[in-house]
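Chemist: One structure, as structure tokens, below. Some questions next.
The values are calculated or read from the model by the stated rules, or taken from the named source; none is laboratory data. The structure presented is a predicted model; accordingly, all values stated were derived computationally and were not measured. Reconstructed Cβ throughout: ideal geometry from the backbone, glycine too, with neighbour counts over all protein chains shown. To get the accessible areas, we keep the full protein, side chains included, count just its heavy atoms, and leave off ligands, DNA and RNA. Shrake-Rupley method; radii C 1.70, N 1.55, O 1.52, S 1.80 Å.
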Amino acid sequence: MQFEENTLPFSATLAASPLQDVTEMMREISKHTDPADIVREYIQRIRKFYPVDRLIALARPNMNSNEVFYASMGNWDKPILPWGNLINYQPLGDGLLKNLCLNGEPTLINNISEDLSESDREIVGEMNSLRVIPLFDKGEPTQMLIGLKEEVNGFRSEDLPALVWLANLFGKAVQNLIKAQELSVAYKAVDRELKTVGQIQRDLLPESVPEVPNLELATYYEPSARAGGDYYDFFPLEDGRLGIFIADVSGHGTPAAVVMAIMHTIAHTYTGPQELPSQFLTYVNKHLCQNFTTRSSIFVTAFYAIYNPEDKSLAYASAGHNPPIHRKCGASPVSTLDRAGRIPLGISSEITYDDATVKLSSGDRVVLYTDGIIEAFGSDDTQFGMDRLGAIVGRCDLNSTTIVDAVVNQLREFTGTTSQADDCTLVVMKVR
């Protein structure tokens with residue numbers, strides 16, 4: 001393609017230097033993540049295109065008030081962030097500068113010698129030209145950038161539209177970065193608190209499994225977040241019997257963890273009859289309803305069983321919880337303990353719970369679990385399910401500890417990198 005003589009070289013010569021400067025400015029700005037560094041880089045480089053001798057930032061922290069604050073940006077290496085806090089700002093007295101800020105419009109004044117009050121002159125000094133760029137937030141001119149020059153008629157009106165545009169786009173980007181950093185700091189603080197909540201919650205769980213004649217016990221607990229709403233516990237009872245409790249608070253995170261801690265407190269204050277599991281659940285439900293859950297719409301599924309090593313019997317009651325798996329070694333059918341189910345805890349203080357009893361034999365396995373186990377999702381959006389859990393429980397080569405290990409390993413293999421939304425808890429019993 002042919003061009004007329006001198007057309008391309010002439011155009012390219014005019015555009016090359018500004019384009020290189022803008023490209024270099026964008027390249028350097030992109031290297032920074034700290035808002036102060038970005039503002040410094042921007043201000044130093046934008047002065048090549050729109051030079052000023054001094055820059056003043058004005059701020060209106062409250063648009064319902066006439067208060068205006070100012071800060072000088074005389075030090076180009078350490079500019080004030082107009083979008084930051086007002087720690088480096090001072091109150092601005094009445095005068096031209098304050099009126100320009102309250103007016104909130106882009107403005108040029110190319111001879112300001114006669115328009116300044118005494119307080120303005122202390123700020124402006126020997127400057128004679130003034131350019132006002134408003135910075136908008138939610139439609140309001142909350143900040144002003146005032147550029148100053150010593151010379152009279154130092155600014156061009158045709159530059160004003162581009163400057164208003166560039167300053168506000170750049171300002172919004174810096175504001176978003178400042179907010180992102182503030183959110184990051186806040187998130188880290190919340191995360192530290194959640195770690196503490198999670199550690200407190202773990203401290204409420206049993207330190208070890210109790211030793212019971214002819215019974216092996218093993219457990220697994222993993223919250224989906226720093227803290228969760230799953231809970232399990234053991235209660236040594238008279239005549240060598242053992243109470244085994246598992247619960248799942250509705251919801252996730254800190255609210256569920258708080259209710260879990262409340263559950264722990266209520267459960268450990270029970271001093272009533274220990275013959276029937278239903279008596280325990282009725283007590284916990286009554287106190288939850290009366291003091292905590294009826295106004296919050298939170299409920300708790302729970303299962304409580306009492307194991308008697310004398311006759312290897314397991315009495316149990318359920319409050320809307322997943323029925324535990326009961327499987328004999330090598331037996332094909334997988335049965336569940338589902339003959340004593342009522343509604344979850346925390347819904348109605350008037351509810352009472354039912355009891356059922358199952359006779360266990362040597363080699364029998366009973367697995368209590370929360371729905372985070374069977375409802376865990378794999379990469380293909382299928383759930384782990386009862387079949388996979390039941391198949392592991394039925395393996396004769398596994399004891400209570402290795403059943404837990406096998407479930408956890410298969411669960412992790414199944415879910416892969418898929419994030420899970422629910423807590424996971426297992427309590428495995430194997431009768432010897």
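Chemist: Of (1) outside any helix (DSSP H, G or I); (2) hydrophobic (A, V, I, L, M, F, W, C); (3) under 20 Å from V209 (Cβ atoms), I392 satisfies all except one. Which?
Modeler: Evaluating I392 over (1) outside any helix (DSSP H, G or I); (2) hydrophobic (A, V, I, L, M, F, W, C); (3) under 20 Å from V209 (Cβ atoms) leaves (1) as the failure.
Chemist: Hey, among the residues in the range 378-410 that are touching a helix residue (DSSP H, G or I) at 6+ places or on another chain (Cβ under 7 Å) and among the aliphatic types (A, V, I, L, M), which one's farthest from H326 (Cα to Cα)?
Modeler: A406
Chemist: Return yes when H252 is within 16 Å of A302 (Cβ to Cβ), in contact (Cβ under 8 Å) with a residue 40 or more places away in the chain, open to solvent by 20 Å² or more (accessible area, probe 1.4 Å) and not polar (S, T, N, Q) and no when it is not. Walk me through how you get there before you give the answer.
Modeler: On the way: within 16 Å of A302 (Cβ to Cβ): no; in contact (Cβ under 8 Å) with a residue 40 or more places away in the chain: yes; open to solvent by 20 Å² or more (accessible area, probe 1.4 Å): yes; not polar (S, T, N, Q): yes.
So H252 fails the test.
Chemist: Answer with yes or no whether S362 is more than 25 Å from P206 (Cα to Cα), modelled with pLDDT under 95 and out of contact with any strand residue (DSSP E or B) (no Cβ under 6 Å at 6 or more places or on another chain).
Modeler: On the way: more than 25 Å from P206 (Cα to Cα): yes; modelled with pLDDT under 95: yes; out of contact with any strand residue (DSSP E or B) (no Cβ under 6 Å at 6 or more places or on another chain): no.
For S362, the condition - more than 25 Å from P206 (Cα to Cα), modelled with pLDDT under 95 and out of contact with any strand residue (DSSP E or B) (no Cβ under 6 Å at 6 or more places or on another chain) - is not met.
Chemist: Could you look through the range 158-214, keep only residues that are among the acidic types (D, E) and over 24 Å from the mean Cα position of the chain (by Cα), and pick out the one that is farthest from G147 (Cα to Cα)?
Modeler: First, the residues of the range 158-214 that are among the acidic types (D, E): 158-159, 182, 191, 193, 203, 207, 211.
Okay, now just the ones that are also over 24 Å from the mean Cα position of the chain (by Cα), so 158-159, 207, 211.
Details: E158: 15, D159: 12, E207: 67, E211: 79 Å.
Going through the qualifying residues, I end up with E211.
Chemist: Further question: Sort through N85, N66 and tell me the only one that's outside any helix (DSSP H, G or I), open to solvent by 60 Å² or more (accessible area, probe 1.4 Å) and modelled with pLDDT of 90 or more. Break it down stepwise before answering.
Modeler: Details: N85 fails: modelled with pLDDT of 90 or more.
Just a single option satisfies the conditions, and that option is N66.
Chemist: Something else now. Applying the selection to the range 9-24, what residues are touching a helix residue (DSSP H, G or I) at 6+ places or on another chain (Cβ under 8 Å) and at pLDDT below 80?
Modeler: Narrowing the range 9-24 to residues touching a helix residue (DSSP H, G or I) at 6+ places or on another chain (Cβ under 8 Å): 21, 24.
Within the range 9-24, just D21 meets the criteria.
Chemist: Output the residues belonging to the range 107-151 that are of a type in the set (G, A, S), touching a residue at least 12 places away in the same chain (Cβ under 8 Å) and open to solvent by 40 Å² or more (accessible area, probe 1.4 Å).
Modeler: If we filter the range 107-151 for residues that are of a type in the set (G, A, S), which is where we start, we get 113, 117, 119, 125, 129, 139, 147.
Those left that are additionally touching a residue at least 12 places away in the same chain (Cβ under 8 Å): 113, 117, 119, 125, 129, 147.
Of everything in the range 107-151, those that are of a type in the set (G, A, S), touching a residue at least 12 places away in the same chain (Cβ under 8 Å) and open to solvent by 40 Å² or more (accessible area, probe 1.4 Å) turn out to be S113, S119.
Quick grid of which residues meet (1) without any contact (Cβ under 8 Å) to a residue 12 or more places away in the chain; (2) within 30 Å of S313 (Cα to Cα):
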site	(1), (2)
R365	no, yes
D397	yes, yes
G416	no, no
V431	no, yes
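Chemist: Moving on to the next point. When you check E238 against the structure, is it of a type in the set (D, E, K, R) and under 17 Å from L368 (Cα atoms), yes or no?
Modeler: Numbers: of a type in the set (D, E, K, R): yes; under 17 Å from L368 (Cα atoms): no.
No: the conditions fail for E238.
Chemist: Within the range 306-349, track down each residue that is over 25 Å from L398 (Cα atoms) and among the charged types (D, E, K, R).
Modeler: First pass over the range 306-349, keeping only residues over 25 Å from L398 (Cα atoms): 317-321, 339-349.
Once the filter is applied, which keeps residues that are over 25 Å from L398 (Cα atoms) and among the charged types (D, E, K, R), the range 306-349 yields R339, R342.
Chemist: Could I ask something else about it? If you take the residues in the range 32-54 that are open to solvent by 20 Å² or more (accessible area, probe 1.4 Å) and touching a strand residue (DSSP E or B) at 6+ places or on another chain (Cβ under 6 Å), which one is nearest to L96 (Cα to Cα)?
Modeler: R54
Chemist: I would also like to ask the following. Among the listed residues I246, I298, I306, identify the single one that is of a type in the set (V, I, T), part of a loop (DSSP other than H, G, I, E, B) and at negative phi. So that I can check it myself, show each step before the final result.
Modeler: Values: I246 fails: part of a loop (DSSP other than H, G, I, E, B); I306 fails: part of a loop (DSSP other than H, G, I, E, B).
Exactly one residue qualifies, and that residue is I298.
Chemist: May I ask you to list the residues in the range 408-432 that are within 29 Å of the chain's Cα centre (by Cα), crowded, with 22+ Cβ neighbours inside 10 Å and of a type in the set (A, V, I, L, M, F, W, C)?
Modeler: Across the range 408-432, the qualifying residues are L411, C424, L426.
Chemist: Right, here's the next one. Could you list, in sequence order, the residues of the range 89-98 that are surrounded by 15 or more Cβ atoms within 10 Å (Cβ to Cβ) and at negative phi? Working first, answer last.
Modeler: First, pick out the residues of the range 89-98 that are surrounded by 15 or more Cβ atoms within 10 Å (Cβ to Cβ): 89, 92-93, 95-98.
Across the range 89-98, the qualifying residues are Y89, L92, G93, L96, L97, K98.
Chemist: Six or more apart or on different chains, Cβ atoms under 8 Å: show the pairs whose first residue is in the range 19-34 and over 16 Å from L166 (Cα atoms) and part of a helix (DSSP H, G or I) and whose second is open to solvent by less than 60 Å² (accessible area, probe 1.4 Å) and not aliphatic (A, V, I, L, M).
Modeler: E24/R45; E28/E41; E28/R45
Chemist: May I pose another question? Working only within the range 40-61, note down all residues that are assigned to a helix (DSSP H, G or I), over 15 Å from G147 (Cα atoms) and touching a helix residue (DSSP H, G or I) at 6+ places or on another chain (Cβ under 7 Å).
Modeler: In the first step, residues of the range 40-61 are kept if they are assigned to a helix (DSSP H, G or I); the result is 40-46.
Applying the additional criterion that residues be over 15 Å from G147 (Cα atoms) yields 40-41.
Within the range 40-61, just E41 meets the criteria.
Chemist: I would also like to ask the following. Please find, among Y220, Y187, the residue that is in a strand (DSSP E or B) and aromatic (F, W, Y).
Modeler: On the way: Y187 fails: in a strand (DSSP E or B).
Testing whether each residue is in a strand (DSSP E or B) and aromatic (F, W, Y) leaves just Y220.
Chemist: Being among the hydroxyl-bearing types (S, T, Y) and either in a helix (DSSP H, G or I) or modelled with pLDDT of 95 or more (or both) narrows it down to one residue among T425, T417; which is it? Steps first, please.
Modeler: Working: T417 fails: either in a helix (DSSP H, G or I) or modelled with pLDDT of 95 or more (or both).
Answer to the selection: T425.
Chemist: If I filter the range 95-117 down to residues being in a loop (DSSP other than H, G, I, E, B) and within 46 Å of the chain's Cα centre (by Cα), which single residue comes out as farthest from L160 (Cα to Cα)? Show your work before the answer.
Modeler: Step one: list which residues in the range 95-117 are in a loop (DSSP other than H, G, I, E, B), which gives 95, 104-106, 110-117.
Subsequent filtering for residues that are within 46 Å of the chain's Cα centre (by Cα) retains 104-106.
On the way: G104: 14, E105: 11, P106: 7 Å.
Top of the filtered list is G104.
Chemist: Which of the residues spanning the range 312-350 are part of a loop (DSSP other than H, G, I, E, B) and closer than 16 Å to Q279 by Cα?
Modeler: Within the range 312-350, A340, I343, P344, G346, S348, S349, E350 qualify.
Chemist: For residues in the range 303-356 being buried (at least 17 other Cβ atoms within 10 Å of the Cβ), within 37 Å of the chain's Cα centre (by Cα) and polar (S, T, N, Q), which is nearest to G372 (Cα to Cα)?
Modeler: The extreme case among them is N322.
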